[in-house]
Structures are given as C-alpha cells and as structure tokens.
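Scroll down for the structure; my scribbles are underneath it.
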Amino acid sequence: MGVNCTSCEQEWLREEYLNQSGGERNIFNGKSLTEQKNPLEKEQEQFQVKGSRTRIEADNFYILKPGDHISWHRPYIIWHHAIVIEIDIENKRIHIISYNMVKYTTNTFLVVVQWTSFEKEWGTLYRIDYPKKVTDKNPPKLTLSRAWSKIGETKYGFFSNNCESYATFCKTGVSDSCQVRWLWGKIKETCGIAVSQQAKGVSKAVCCGMKEASSITVEQTLQCAGKLAVVETVGQVRGASNWMGTGIVIAIEYFYLVRGLIRIYQNRKNGDLSRKDFLESAIQRVAEANGAAGFAVGGSFTGEALGGVAGAVIGTAFMPVSAAIGVVIGSLIGGTLGAIGGKLVGSLMGPYIAKTFVAVIKRDDRAVKSITDLEQGDQVVFYGWLLHPRHHAIVVDIDPSQNKVRVIHNTYEHGVIEEWVDFKTPLYKVIYESDSSREPESVVESARSKLGNNNYNIAIYNCKDFANWCKEVIYVIQAIDNMQCVCGNEKLDSFNQYLDDETEALIGVNCTSCEQEWLREEYLNQRGEQRIIFNGQSLTEHKNPLETEQEQFQVKGSRTRIEADNFHILKPGDHISWHRPYIIWHHAIVVKIDLENKRIQLINYNKVEHTTNKFQVVMQWTYFEKEWGTLYRIDYPKKVTDKNPPKLILSRARSKLGEIKYGFFSNNCESFAAFCKTGVSDSCQVRWLWGKIKETCGTVGGQLAKGVSKAVCAGIKEASSLTIEQTLKSAGKLTVAETIEHVRGASNWVGAGIVIAIEGGFLIWDLSKIYQNRKNGDLSRKDFIESAIQRFAEAIGAAGFAIGGSLAGEALGGMAGAAIGTAVMPVIGTAIGAAIGVFVGSVIGGTLGALGGKLVGSFVGPYIAKAIVAVIKRDDRAVKSITELEQGDQVVFYGWWLHPRHHAIVLDVDPSENKVRVIHNTYEHGVIEEWVDFETPLYKVIYESDSSRDPESVIERARSKLGNNNYNIALYNCKDFANWCKEV
C-alpha cells in the first residue's frame, strides 16, 4: 500500500490512496509509489481535540468500526487517543493501537496493541469525526496499515509526537496535535492580552514617573539613598498606574471569550457537536476566561509592587525616582504569568463544572447531516427563532427526492398536527437508550392518537413533552435477570420487597438506591410511564407528590389527640406521633392494638441499645399510659388513604426493618412514617425549622434595611458637626466613646417598632392558617389553642430578643467600627466607621437575637399552652361524616361571629337527606327539637367514659325540657343545657 520514511515522515503511496499527488516517485520492492502531499486542515484553537466528534455511550457503542480514531476525555485537560482495530460488542471491549506507558517505568511510552473494556476505561469516550474528503482518501485499510507500521515505536514526545499526533497520522498521514496547538494558542493569546494591556499604560506610567521626579523636593532628593525614598517613590508611581490595566485585561479576555463561544456555537449549528459537548465546551471556555482575567489582575498588581520596588532601588543609583519602568516591567511579567496560571486553573476546573451542569440533561442529541439518516419514529429537533430555538417533532416519513420530512408535532397555534416540512440543517436526532424507546410503529401510532389535540401549554405540555410522551417506553424490562430501576440500579438484592403479611403476595418493591417505588396497578396513586418485571410480577413506576403543609406546624396540621376514652379508634397502618417536651415529636406506624392492656405494637426508628447515636428501624410493643408525651393520630386526606391502604402501609414499614440510615434532617422518624403512609419521605419538622430560620432572617433584614440610610446619614452629620475640642481629642479613647453616642443617638430605637410590626404580621398570618385548620376540622379545640399560644410565645420571644440583640450589636459594632475608622482617618473616619459598625452589629445582633428568641419561645410555648389548656374541662373533635354521629352525642355547630359555637344534643341522623335531628336551647324559642342540615365544621364534645350518661338517658333529659323558654346567655345558654343533659 505504501511506505513511510522514518527520518522525515514523508509518505509514498499507491495511486488509489493518494490524497494530493506530489511530483516525485519511488520504487519499493518492485512497486511504484508516489509522493503523498496531504495538508491537514487546522482546527480552531478553542478545542483541545477536533471540534467534530461523537460521544460514545452504551446505546451507540456498536457504531465504532475498525480504523476509527477514538479519544477518552479524562480529568483536567487530558485526552488520550487511539485507533480502533476490532470491536467486541457482546463484552463491550475495544481492540486498539495507541501510545501507552511501559509497565514498571515512569516516562517510557511505546506503541502497543491491547484490549480495553469500554465500561472500565477512565473518562468519556468520543469518536473523532473527519470530513468526507479525508475519509474517502484514507480508508480503514490504509489507516490500520499506518497504525501497524508504528508498532514498537518509542519516539513519544509530549509536544512533538504524542498519542494524538500518532492517531492523527494514522487517520490522515500527517502528524498533528490539537492539544499542543491549543496550548500554544492559549499562551500566545494570554501574552497578547498582557502586552496589549501594558503597552497602553506604559506612556502614562513613564510620564507619571518623570512628573514625580521633577516635583521631588531637595529634602526628598537627599533621602534617595535610603529605604524611605524607595517606598515613597513606588507609592507615588503606582498611584497613577495601579488600576490602569484592570479594565483592559478584562475587556480583551472577554473579547476572546465571545469569539471562542461564537466558534463553538457555529460548530454546534454545523452539526459537529452534540448538545452535551456544546455545553461542556462553552462552560469550560467561560471558566478559562474568568480564571485568566482574575489571575491576570492579581498578578499584575503583585508585579507592579515587586517591580516598582526593584526599579526604584536600581534607579536610585542612577537617577532619583525611576520606579516607573520597574512598575511597567513588573506589571507585564506578573500579568502574563497570572493570566497563564488563571487559564490553567480554569482549564482544570472547567471540565468538572461542565460535567456537573451537563449531568442534569436527561438525553443527548446528535446532528443529522443527511435526510437519509432519518428513520420512522425518530424524535428530531429543529432550530427555530430566538424565543423558541428548539422545536421537537416525531418523524413519520421522508421524501429524499423532494428533500422533505413528514412529521407530527405539537404547535402553539394549531395543537398536534401532521405535515410535510423542508429538511434543513442544523437538525438533531434525540438519542434514547435502546431499552428506553418504543418501537417506531408504536411511536407513530401514539403520535397519531393525539392528532387534533389542542392543549398546548408552554410549561407542562409543549412540543418536547408531546414528543417525549410518544417516544418513551412503557415496558422497560421483560426479564428478571435484566431488571433495572430508573436510576440504573439492577441488583436484585438492592430492592426492598413489599409483601402481604397474610398471603406473602408481592405488592411492590422499593429501590434502595433512589427510593423509587414500583407497585401493582391497584395500589398506584399516580401512574408513571415505566414498568418492570419482578419475580414474574408486572410492577409500574409510582409517582406520588406529597402535599406540603404550612410551616407553622412541627407536625401535620390535621391530627387527632388519642386519650384513654378513644384509644380504640387506632387501627393497623395508622401514623401516630408523641408530642414530647420542647419541640420534639416522635413518629411511628401502628401494627397491632391490644385494647385490654392498652398497648400498641409499632414500627419506628429507635435508638439501638448500648449506643449513643445509632438508630434502627425496629418493631416493638409500647404501653399507651407509660409512653412519654401526648399521643396523636396523624390524619391524611381521603385521596391519600384510598390509594395507600393498611396492607401497603404495613408492607412498606416491614420492608425497612433493620435499616440504619437515620439522619436528623434527611431520614428521621417522621420521614420514615410519612414514607410508609404515602410513599414519599417528608418531614414537617425539618420544613418548619427552615421556615422559621428564613422567616426570622427576613424579619431582621427588613427591619435593618429600612434603618441603614438613617444610620449612615447620622454618622456623616455627626462628623461634620464635631467641635474643635472633639477634633483635638480624636487620637484618644474618649473620642471613640463620644462618637458612638452621637451616632447611636439617632438610630437607637429606629428598628424596635419595625421588628415588632413585621413579627406581628407573620403572627397574624400564621394564626389565620391555624384558625382555618380548626374550621376545616383538622384540629381539636385543645390542639387549636395550644398551637396558637405556642405561636404567640415564639413571636414575643423573637421580637424581644431581636430588639435586645440589635441594641447590643449596635453598641459592640459601633465601638469596633469607630476604632477602625479612627486608625484610618481621625474624626471623619471615626464617625463613618461607627455608623457602619452600628449597622453591621445591629444586623448580626438582631438576627442572632431573633433566632434565639424563636427557639426560647418554641421551648416555653408548649408549657404555657398546656397550663392554659388544663383549665378547659373537655376537648372536642371534628366530625367529617354524618355516619360518625351517634344518638346522645353533644355536638357543636359553627354559627355567626357573635355566637361562633352552638351546642346541641343528637337524636337521630338521616344520611340520605344529610340531616341531623337535634334538641337545643335557642335564644328565640327556648328548648326545641328540629331537623338541621349536616354541615362542616361540626365538632363532637369528648367525655370520659365514666363522666357521661348513656344515650337513652341523655335524650330523655333533653326531651324533658322541651318548651322551656328560660334562655339566659350568662346562666342558661345552649352549652349549659347540653352539659346538663350529658353529664353524669
């Protein structure tokens, strides 16, 4: 086929392999060979590897062919290149030829042949794509023959003959390295920035030096030989040039940045970069620019200082005050080194930043350069106008003769339509994993089923949502051996199984890696689009967004207090919680109830015995009366309980037995119980805590922002009004104290009223939410009062401590600010420093005080609330269904605002008419019997079992008073009548 001269790398090839024929010919082993002239097209220097490349992943591994040039992008700015010999698709292996380090050596590299595993190799794999005119003249046979001819070569050189130079030679016949050209390009670009920056300022700096030299006094001239003259001269010269290059270096660097981004975007539009490659390249270039600009400025300043000192020392021996030249040279060297270092730091950090951003992109896309590359069922992306640059569609058919594509897509104007469109580049095909995409016929069928649908919504049902819905697979796996979660987990022992406790039937599984649930159809709350097969059972992806509660509660607002008389209402699968002292709630799931002994079998996170900080999910029995705290049942909406029956709840709880992944903020006892109840891990206590911190910071920030202008203005005013006597004292401690008093005189109480007003606003807002929960029947009377009192305590604590902390911070901050200001500029600096110190100290002190006050209020509030609630003789609970009412119950209706709570005795209920027959004492007619509508909120008064009459006796007493018209709002109202009927 040809030969290659090892001395000059000149190629001599047979005629059919020539790219560009030279004039010379040679005879080798009887074969006539012609001189090959093959100029390599130079790539832009913004890439460390050729711009046109294709990312190789598991789903498109098969596209690799013998003779391909491949490269692994490794950390930092390193790319390792090789030539493909053979592909083992079954085992995902590649047979390659490349430069590699010889074992047991540190710097010897050799061209070797080796097998490498695609999945185990370090870095992201790309195929380097060459223009058609190159591949036509360099077929795989020629590429591989070049590669084989270099086996055993040891001429490796980082700048002259690296792995990329070798692979490029094999592919094109010319040794070339984009990495080396990119590196030299960056150095030249950086030096150009630094030289340009300093050249513009040199005349100014030199003139400044001459001007300063001409204005030096005799006394200063005499001091030139001493150290003092050096320092003073450098200071004078640098005064004019200190900031001269900063703006220039940033402007020039960002000019190069914009130029580089335009080139990268052009490569993207030309189809040479996939979406992920485009983003990675752009982010890396931005990181380089920011690093270069920042380091160049810092290096320039450092160089100015060091160069100025050196120049002044040297210049003193020849001509007084000649530091200007030293400043310029030092700035030039420092800026150049700084920019090179900054570019290097940006190049090192850029790939990591880019990969973090790109990781959130679910799917990549690749350019389609010919209409024949499209197939039925493909999801494609057209480039549109500025406000809608990426438009998704599903390919139905293609017509190469007319250069048209038939697509179905969701449009803003007409909804889902089918039409012929022109094939234009750039056009991109969205890449799906082989097992995550439907069959083409199924894709087209799904798309056509939506024709005429006009529900376009830019946020939740746009062109991309429609195309994804058509394309994404429903059944992902059909065999247990290949089972894989959406997170990629495919280990069978990494799934917790949900089993029916009675029948051992499989209800579902939970992935321990990502907590994704897969359930049988009857247990789904919101159906996902993917399915798996587990032990022969078809399970569907479970999507179940949890409704978030308001942050004024440390536990879900809808709850029922459990006491001795209603202990029997607990059922297996209930979520219960003990409210313990301070702000602690402990949560669990009920497994069994032992009514006789008042015991509960539960599953919860509990501390492991003989340890201090280890918690584990365990099953245990606990006594109702001996457990610490007040017990509540957490109540969930009907739509949640309907889709999460006790069997599913208990199977979730049992699947977690033995788990030790406890985390105070991420996986606490409440998160566990909420997960069992709903399928979603959530903690009201954590959200409540963060809500309080944000609310407190907002209160204090708002309070102090309004006072900053007043404090600073007061400082300036006081500085201008200080007397001569105060001016003379400015060097002493007395002035500091007096200045603080002057400044604080105007701002001492400026925030007190504001913080109380803002905290009061938050208090009213929270109380309205608590009251709404009470009206909705989610809180009993005692719970409502306890929540409201606790919120009052928090507000009072936050306001009081914030004011105290703010005033203390003002005093300490004012003293520190005045002391610093005095050192910089006596009197004026003292006043301004005190003003700033007062403000900063007030912010810090107020914030810490408010946080501390809220915490104290949260601790003290429950005790105050319990003391007040203790005087309430009886509690009541919400009645949400008419069937919960029984004969002889005492109920409370909500009336109008002057009479919010009206008591009555229940005689009968009629669910079909939604009516309740009651006897009650009224203001207009006295004691009457009538049918009334069942309306919520409605509450049932709770009596101890030994303090209430039996239902027949209650009704008999109530009817004995019918017709009695002795109503008295103070002595014999509706409540007095109902209590008399009910009490034993």
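The values are calculated or read from the model by the stated rules, or taken from the named source; none is laboratory data. All figures in this text were calculated on a predicted structure; none of them were measured in a lab. Here Cβ is always computed from backbone atoms with ideal geometry, including for glycine, and neighbour counts include all displayed protein chains. Calculation scope for accessible area: heavy atoms of the full protein, side chains included, ligands and nucleic acids excluded. Shrake-Rupley method; radii C 1.70, N 1.55, O 1.52, S 1.80 Å.
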- Item | Förster radius 25 Å - calculated FRET efficiency between V869 and K607, Cβ distance, rounded to 0.05 | 0.25
- Item | Extension gain, Y265 back to K775 (0.36 nm per residue minus Cα-Cα distance, nm) | 177.7 nm
- Item | Contour excess over end-to-end distance, with Cα ends at E57 and W115 and 0.36 nm allotted per residue | 19.1 nm
- Placed amide H near N462: partners under 5 Å, 5+ positions off or other chain: N457
- Sequence-distant or interchain residues sharing an amide H contact under 5 Å with V608, placed H: which? K614, F615, Q616
- Message: Using the basic label-point model (7 angstrom from Cα toward the beta carbon), what is the F567 to K424 distance in nanometres?
- Response: 7.8 nm
- Query: Got the relative contact order for region 867-967 handy, in percent, Cα pairs under 8 Å and 6 or more residues apart?
  - Reply: 30 percent
- Note on the structure: Each label sits 7 Å from Cα toward the beta-carbon; between I361 and N965 the label points are separated, in nm, by 8.4 nm
- Message: Ranking request for peptides 670-680, 154-164, 785-795: highest mean number of other beta-carbon atoms within 10 Å first, then the rest in descending order.
- Response: 670-680, 785-795, 154-164
- Message: Strictly over 21 Å apart at the Cα level, which of K92/K362; K543/K643; K65/K355 would you flag in this model?
- Response: K92/K362; K65/K355
- Message: Suppose R0 equals 25 Å. What FRET efficiency, 1/(1 + (r/R0)^6) with r the Cβ-Cβ distance, do E413 and W469 give to the nearest 0.05?
- Response: 0.80
- Item | Local electrostatic count, V617, Cβ distance below 10 Å [Lys/Arg +1, Asp/Glu -1] | +2
- Message: Suppose R0 equals 41 Å. What FRET efficiency, 1/(1 + (r/R0)^6) with r the Cβ-Cβ distance, do S7 and Q376 give to the nearest 0.05?
- Response: 0.15
- Can you give the relative contact order of region 375-476 as a percent, counting alpha carbon pairs under 8 Å and 6+ residues apart? 31 percent
- Message: Between T922 and E515, what is 0.36 nm times their sequence separation minus the Cα-Cα distance? Round to one decimal in nm.
- Response: 140.8 nm
- Task: Work through the residues other than D908 whose Cβ is under 12 Å from its Cβ and net out their charges, Lys, Arg +1 and Asp, Glu -1.
- Result: -4
- Query: Once you put a point 7 Å from the Cα of F158 and another 7 Å from the Cα of N914, both along the Cβ direction, what distance in nm separates them?
  - Reply: 8.2 nm
- Message: Please list 3J(HN,Hα) in residue order for region 591-602, calculated via the Karplus relation 6.51 cos²θ - 1.76 cosθ + 1.60 where θ = phi - 60°; whole Hz, with x for glycine and proline.
- Response: 9, 9, 10, 10, 5, 4, 9, 6, 10, 10, 8, 9
- Would you mind telling me the share, in percent, of accessible area of region 372-459 contributed by carbon and sulfur at probe 1.4 angstrom? 48 percent
- Task: Could you rank the peptides 930-940, 422-432 by their average count of other C-beta atoms within 10 Å per residue, with the highest value first?
- Result: 422-432, 930-940
- Query: So who's got an amide H within less than 5 Å of the one on V591, skipping anything under 5 residues away but keeping other chains? H placed 1.01 Å off N, in plane.
  - Reply: G573, Q601, L602, I603
- Item | Residue among N455, T425, V444 farthest towards the positive dipole end of region 366-461, charges placed on Cβ | T425
- Compute the accessible area per residue over region 378-424, keeping the other protein chains in place, probe 1.4 Å, unit Å². 52 Å²
